[in-house]
Structures are given as structure tokens and as C-alpha cells.
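Engineer: Pasting a structure here, questions to come.
The values are calculated or read from the model by the stated rules, or taken from the named source; none is laboratory data. In this text, all values refer to a predicted model and were calculated from it rather than measured experimentally. So basically every Cβ, Gly included, is an ideal-geometry build from the backbone, and we count neighbours across all protein chains shown. The area values use the complete protein model at the heavy-atom level, side chains included, leaving out ligands, DNA and RNA. Shrake-Rupley method; radii C 1.70, N 1.55, O 1.52, S 1.80 Å.
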Amino acid sequence: MNTPQGVPTLGTHPTAGSNPSRAETREQLASATYDLLVVGGGILGTSVAWHAAQSGLRVAMVDAGDFAGATSSASSKLVHGGLRYLQTGAVRLVAENHQERRVLAKDVAPHLVNPLTFYLPVYRGGPHGATKLGAGVFAYSALSAFGDGVGRVISPAKAAAANPGLRTENLKAVAVYGDHQMNDSRVAVMTVRAALASGATVLNHARVTGLRFTAGRVSGAELRDGVDGVEFGVNARLVLNATGPWVDHVRRMEDAGAAPSVRLSKGAHVVLRRRAPWRAAMATPIDKYRITFALPWEDQLLLGTTDEVYEGDPGEVRATEADIDQILDEASFSVRDEQLSRDLMTYAFAGLRVLPGGPGGVASAKRETVVNEGPGGMLSVAGGKWTTYRHIGRTVLDKLARLPGDSLAGDMQPVGSLVRRTPLPGVANPNAVAHRLLADRTSGVRMDPGTARQLATHYGSLAFDVARLVNEDPALGERIHPDGPEIWAQVVYARDYEWAVTAEDVLRRRTTLTVRGLDDDAVRAGVEKVLAAR
């Protein structure tokens with residue numbers, strides 16, 4: 001096991017060209033008047049900030065915690081069309097989701113979004129028959145113009161050959177279709193970088209403590225830095241509340257009597273070490289509406305998800321023992337018991353879906369985006385899907401341009417003129433990047449193939465910037481934990497280029513050490529040592 005004793009010399013100074021310090025960013029935020037202040041650095045707020053900065057607006061974005069530190073990094077990691085939406089007749093929605101999914105995978109983030117084959121097992125006595133599911137996956141693939149192949153039905157024997165962990169008792173057939181997956185935290189931080197590159201000023205771990213008002217209109221926000229407690233303010237012509245599960249809390253800063261606009265649904269997941277290769281994901285129908293997933297992800301097996309009403313503090317959401325029991329029990333419908341041992345569990349997490357308020361159960365609720373304008377002119381937006389986050393950002397930007405009064409329209413490019421396929425930073429073929437990393441001998445340190453692959457699929461061409469740190473200090477090429485692919489250079493890079501402030505920022509969201517169960521005390525102490533060196 002690595003120990004932190006050798007860590008203090010690693011990355012003791014900010015690297016050249018690194019992001020501004022927190023003090024510099026605070027000064028910049030406090031000394032200017034912005035066209036748009038986005039409160040909330042989840043994927044929705046980040047998307048709006050990115051598109052607004054692209055359109056020519058002066059944009060600031062702040063978050064009380066880490067970027068994508070809550071709901072946006074607690075998803076099922078899927079970029080998908082939404083097969084279950086076909087059941088409700090939402091054909092146009094599925095087609096639109098497919099279009100956005102394929103643009104992400106082909107043009108915007110091919111280094112971060114990966115194709116994944118899905119198996120839909122049909123068991124005797126299950127909620128759906130083979131004919132229905134076969135027709136469903138064919139229609140699903142047709143709506144994607146067969147870009148991922150033709151949805152079809154295969155035999156249990158063929159499916160089991162690809163996924164030895166598949167339970168075959170009472171298995172009648174398996175429907176097959178294609179979608180994509182991602183590391184949501186990495187896509188989020190790359191989108192923040194895209195916003196910064198477009199001119200936005202961003203700061204995480206900065207909590208809004210109140211709103212500023214001018215002549216009865218919201219004109220900015222008061223903030224407290226969560227790192228050193230410094231208080232400061234930001235002036236803005238328009239404030240966008242994109243705080244996800246906290247959206248109504250911020251709305252009540254504007255209007256103490258604001259009625260609830262959303263309801264919350266908790267989705268929990270479990271991560272296990274794999275005992276067998278998984279060449280396809282499992283999507284197993286539990287009932288008429290719900291599907292449980294078993295996904296190969298980050299060399300692990302990701303199981304989930306739950307879907308239940310949540311009425312507690314959003315900051316306290318956790319995967320409970322009851323959640324874990326439910327997830328393992330539902331996974332056992334299609335996964336062999338030896339693959340689901342509690343001894344294999346490395347991590348469990350939960351996030352909150354933000355759904356429109358109203359009657360009915362959360363499992364069948366539509367994943368719509370809720371937009372409200374308050375009496376002081378603050379715009380609040382919440383909800384939606386990861387797959388369509390860019391589309392939601394453009395939709396909100398269009399809404400901003402159409403607001404009455406002191407409209408931003410005269411200062412921004414028309415939304416329709418924005419380049420729809422602007423890539424995220426680091427766009428590259430990850431296979432080519434990994435090959436170049438392995439071929440490079442500049443540092444005199446031979447990079448491990450697993451590390452090269454991990455860098456290529458999490459940073460794209462920016463992996464060469466991480467490798468450059470190793471060239472300058474070969475000690476940074478050492479693994480953080482012997483059982484994981486990450487190296488110490490990634491901690492320095494996260495600190496200097498990706499706004500990592502806490503060990504949790506690094507271990508849970510900039511790397512995969514937490515989800516692999518490798519964030520022991522020694523690793524955590526070493527990471528904190530590097531973070532404190534700036």
C-alpha cells in the first residue's frame with residue numbers, strides 16, 4: 001500500500017498556466033458586473049454557463065460545493081435514448097435523445113462517451129414477453145437510424161457466452177440494443193473547462209448566503225467561501241438559480257412565500273468488483289415501468305437504481321442498507337449470486353432526481369425541465385436528463401433572450417447561431433492517445449498500459465498535459481494506490497487545472513479511487529498533502 005511519507009515533494013508549487021487562485025477569482029467576481037450569474041455548478045448550470053459565454057455574455061458561475069458534487073455525479077452513468085419512454089408513446093422524445101446521444105459520442109465528447117451493448121433478458125413469468133421486447137429494441141434502434149446496429153433477439157446461450165454472470169435459469173431469450181455510457185464527473189468537469197475557455201468566471205465551494213436587490217429586482221448574490229470563510233458579493237444583471245434539489249431553497253431567498261416547484265426522487269447505486277468479464281450491460285425489467293441495471297463501468301460492476309420519494313435534506317441523501325439490499329435483490333433476477341456478494345462491494349451512493357411537482361408516483365413521472373421566474377426577476381431552472389444537457393442549456397439560453405425588461409438579447413448572439421457540435425476540451429480518439437502515451441519515453445518512466453488507458457479515456461488529448469507533469473517530476477508517475485490506475489500527477493493536475501479543493505473532490509470525482517474502494521486513510525492523507533501544497 002502506498003503511504004503519504006513520500007508525497008510532500010510532489011507538486012509543491014502550482015504548475016505553469018494553471019487556473020487562477022481562489023483569491024484571484026473572488027477578486028474578479030467581486031469587481032465586475034456580470035450579465036449572468038449562474039448559481040449551481042451541476043451539469044445544468046454548467047451547460048447554461050458554457051452556452052451563455054459562447055454567446056458573448058459575461059458569465060459567472062458559483063457552487064456551494066464541488067462542481068457536479070451532488071446529483072450530477074450520482075447518475076447511472078448512461079447517455080441513452082430512453083428505451084422505457086417508448087412504452088409511454090414518447091417516440092419523438094426518444095428520437096431527440098438518440099440524436100443528442102450520437103452527437104455527444106461522435107463530435108462533442110468521443111473521448112468521454114463510450115458505446116455499450118445492452119442485454120434485456122426475458123424470463124419466464126416476467127413483465128414483458130420476447131416478442132414485445134424484440135419489437136421494442138428494433139423500434140428503438142430504428143429511431144437511432146440503426147447507428148448502433150439493429151435491435152434484435154438472441155439465444156440465452158449466446159448471451160451467456162458474452163456475460164458469464166448472466167442467470168440462465170428460466171431465461172427464454174435476450175433482446176439486444178445499443179446505447180452509450182460515461183463517467184459523469186469527468187464530463188462535468190470538462191464542461192466547466194469549456195465554460196472557462198469561453199470566457200466564464202467560475203468558483204466552486206462558494207455558497208450563496210443571500211441575494212442582492214436593486215429597486216426590487218434581484219441584482220446579484222452574497223457569498224461565503226467554504227474554504228477560508230471569506231465573504232464577498234457578485235453583481236449581475238440576471239441571476240439564474242440552477243441549484244438542483246436546492247432550487248426551492250434559493251427561490252425562498254427571493255420570495256419567502258414561494259410554493260414548492262419540484263419534488264425529489266432518490267436513486268441509489270452499488271459498485272462491486274467484477275468476478276467475470278462483462279461484455280454487455282444488463283437492463284432487466286422489474287415491473288411494467290422499472291428496469292434495474294448491471295453495467296460494466298470503470299472496471300467495476302455498477303448496479304441500480306432505486307426510485308422513491310425523498311423529503312429530507314438534499315445534503316444528507318445516502319444509500320441506506322435498505323437501498324443496498326433492494327439493489328442486490330433486484331440484480332439477482334438476472335445476475336448470478338456469486339457476482340453479488342457483499343464482500344465485492346466497493347462503494348454505494350445516492351443522488352436525487354428533480355421532478356416536476358404534481359400528483360402520481362415518481363417512478364412514472366416525466367423527466368421534464370422546470371422553469372420559474374420569481375417576483376424579483378430571478379430565473380430558476382431544474383430537472384432534465386444528462387443525455388440532453390446541452391439541449392437544455394440552449395433552451396434556457398433562448399428563454400433568457402426572451403425575458404421582458406432588461407433583456408440580454410441585445411448583448412448575445414442568437415441561440416440558433418451557436419455551433420451545435422462544439423467539442424469539449426481534450427476531444428481525441430482515446431485509442432490513439434493511449435498509444436502515444438505508451439510510446440513516449442521522454443520521462444524515462446514507462447507508463448503502465450492501465451494508466452495510459454485511464455488517462456486517455458478521462459482526459460482525451462489533455463492526458464499529454466498530465467504526462468508532461470511526469471516528465472518534469474518522474475515521482476508523479478507513481479500510482480496513488482497499487483490496485484488502481486491513477487497516478488500522483490492526476491492529483492496535481494486536479495488541484496491546478498480542475499478546481500479540486502478537498503480530498504473528496506479528487507478521490508470521488510476527478511479520479512475513480514473512491515468508487516474502486518481504494519480511498520484508504522494513507523491515500524487520503526497523501527492527497528490532502530498535495531492539495532495543501534498550492
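Engineer: Any idea how many residues of segment 451-470 are in contact with a Gly (Cβ under 9 Å, 6 or more places away or on another chain), open to solvent by 10 Å² or more (accessible area, probe 1.4 Å) and more than 20 Å from residue 527 (Cα to Cα)?
Structural biologist: Qualifying residue count, segment 451-470: 2.
Engineer: Would you list the strands (runs of 3 or more DSSP E) that sit entirely within segment 200-299 and hold 1 or more residues that are within 30 Å of residue 126 (Cα to Cα)?
Structural biologist: In segment 200-299, 262-273, 281-285, 291-297 are the strands (runs of 3 or more DSSP E) which contain 1 or more residues that are within 30 Å of residue 126 (Cα to Cα).
Engineer: Here is a follow-up. Are there any pairs with C-beta distances below 9 angstrom linking a residue in segment 206-228 that is on the phi > 0 side of the Ramachandran plot to a residue that is surrounded by 13 or more Cβ atoms within 10 Å (Cβ to Cβ) and assigned to a loop (DSSP other than H, G, I, E, B), with the two at least 6 apart or on different chains, and if so which?
Structural biologist: 216/376; 216/377
Engineer: What residue, of 354, 309, is open to solvent by less than 30 Å² (accessible area, probe 1.4 Å) and part of a strand (DSSP E or B)?
Structural biologist: 354
Engineer: Can you find a residue in segment 329-348 that is assigned to a helix (DSSP H, G or I), of a type in the set (A, V, I, L, M) and under 22 Å from the mean Cα position of the chain (by Cα)?
Structural biologist: Within segment 329-348 (the criterion being assigned to a helix (DSSP H, G or I), of a type in the set (A, V, I, L, M) and under 22 Å from the mean Cα position of the chain (by Cα)), the answer is no, since none of the residues qualifies.
Engineer: Please determine, by comparing only the residues of segment 203-254 that are aliphatic (A, V, I, L, M) and open to solvent by 70 Å² or more (accessible area, probe 1.4 Å), which one is nearest to the chain's Cα centre (by Cα).
Structural biologist: Looking at the filtered set, the residue picked out is 227.
Engineer: Would you mention how many residues in segment 186-202 are in contact with a Lys or Arg (Cβ under 8 Å, 6 or more places away or on another chain) and surrounded by fewer than 24 Cβ atoms within 10 Å (Cβ to Cβ)?
Structural biologist: Number satisfying all stated conditions: 1.
Engineer: In segment 170-199, which residue that is outside any helix (DSSP H, G or I) and polar (S, T, N, Q) is farthest from residue 376 (Cα to Cα)?
Structural biologist: 170
Engineer: Related question: Do any helices (runs of 4 or more DSSP H) lying entirely in segment 12-111 carry at least 2 residues that are farther than 27 Å from residue 368 by Cα, open to solvent by 10 Å² or more (accessible area, probe 1.4 Å) and at pLDDT 95 or above, and which ones are they?
Structural biologist: 22-31
Engineer: List, please: which pairs have Cβ atoms under 7 Å, are six or more places apart or on different chains, and start with a residue in segment 446-473 that is among the aromatic types (Phe, Trp, Tyr) and end with one that is in a helix (DSSP H, G or I)?
Structural biologist: Matching pairs, first to second residue: 459/466.
Engineer: Given the residues 513, 507, 518, which is the only one that is within 22 Å of residue 15 (Cβ to Cβ) and part of a loop (DSSP other than H, G, I, E, B)?
Structural biologist: Going through 513, 507, 518 in turn, just one is within 22 Å of residue 15 (Cβ to Cβ) and part of a loop (DSSP other than H, G, I, E, B): 513.
One line per residue, one yes/no per condition, for (1) of a type in the set (Val, Ile, Thr); (2) under 23 Å from residue 225 (Cβ atoms):
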residue	(1), (2)
53	no, yes
64	no, yes
73	no, yes
79	yes, no
99	no, no
123	no, no
